[in-house]
Amino acid sequence: PAPPPPAGLQPTLASIQANVFTPSCAKSGCHTGMGAQAGLNLDPGSSWGALVNIVSSQDMLRTRVVPMDPDGSFLIQKLEGTAMLGGQMPADGPPFLQQATINVIRQWIQDGALMN
């Protein structure tokens, strides 16, 4: 069977921020600060506003996170490696995020991608 998501990971932005975005994405040279790759700052306090209902700078036909539509969210496509543009994230993979972890992010989006 597939491994479970990291202990404590819940489908909330705060939990995803602490367990996924901050350790895996908001790193030097990636999605942090003013020079964040693709203009996507995933630092605490910035990630929601950079993701939800924001058109991707990499693919203007895609929205980074579409509340209640994980399959239509470019973030999920990038994490699962199904995006038509660019490579799978995180860029320092493999290993990439486990599907169990991505499924928690999917659930957050399915639940409306709330800010808290």
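In a fully extended conformation the segment linking Ala14 and Asp43 would gain 9.3 nm over its present Cα-Cα distance, using 0.36 nm per residue. For the chain, the mean residue ellipticity at 222 nm estimated from helices alone is -6000 deg cm²/dmol, where every DSSP H run of n ≥ 4 contributes -39500 (n - 2.57) and the total is divided by all residues, rounded to the nearest 500.
Neighbours of Phe21, meaning other residues whose beta-carbon lies under 12 angstrom from its beta-carbon, give a summed charge of 0 when Lys and Arg score +1 and Asp and Glu score -1. With every protein chain in place and a 1.4 angstrom probe, the accessible-area ranking of Cys30, Cys25, largest first, reads Cys30, Cys25. The accessible area of Thr22, taken with all protein chains in place and a 1.4 Å probe, comes to roughly 60 Å². Close amide H contacts of Thr63 (hydrogens built in the peptide plane, cut-off under 5 Å, sequence separation of 5 or more or a different chain): Ser56, Phe74.
If you find the alpha carbon centre of the stretch 89-114 and of the stretch 1-56, how far apart are they in angstrom? Comparing the Cα centres of the stretch 89-114 and the stretch 1-56, I get a distance of 9 Å.
Structure remark: mean-square fluctuation, Gaussian network model of the chain, C-alpha springs under 10 Å; the largest value among Pro95, Pro23, Pro67 belongs to Pro95. Heavy-atom accessible area, probed at 1.4 angstrom with all protein chains present, ranks Met89, Met68 as Met68, Met89, highest first. Exposure check, 1.4 Å probe, all protein chains in place: Lys78 carries approximately 20 Å² of accessible surface.
The values are calculated or read from the model by the stated rules, or taken from the named source; none is laboratory data. Note that the structure is a prediction, hence the values are computed from the model and not measured. Backbone-built Cβ (ideal geometry, glycine too); neighbour counts: all protein chains shown. Accessible surface areas use protein heavy atoms only, side chains included; no ligands, DNA or RNA. Shrake-Rupley method; radii C 1.70, N 1.55, O 1.52, S 1.80 Å.
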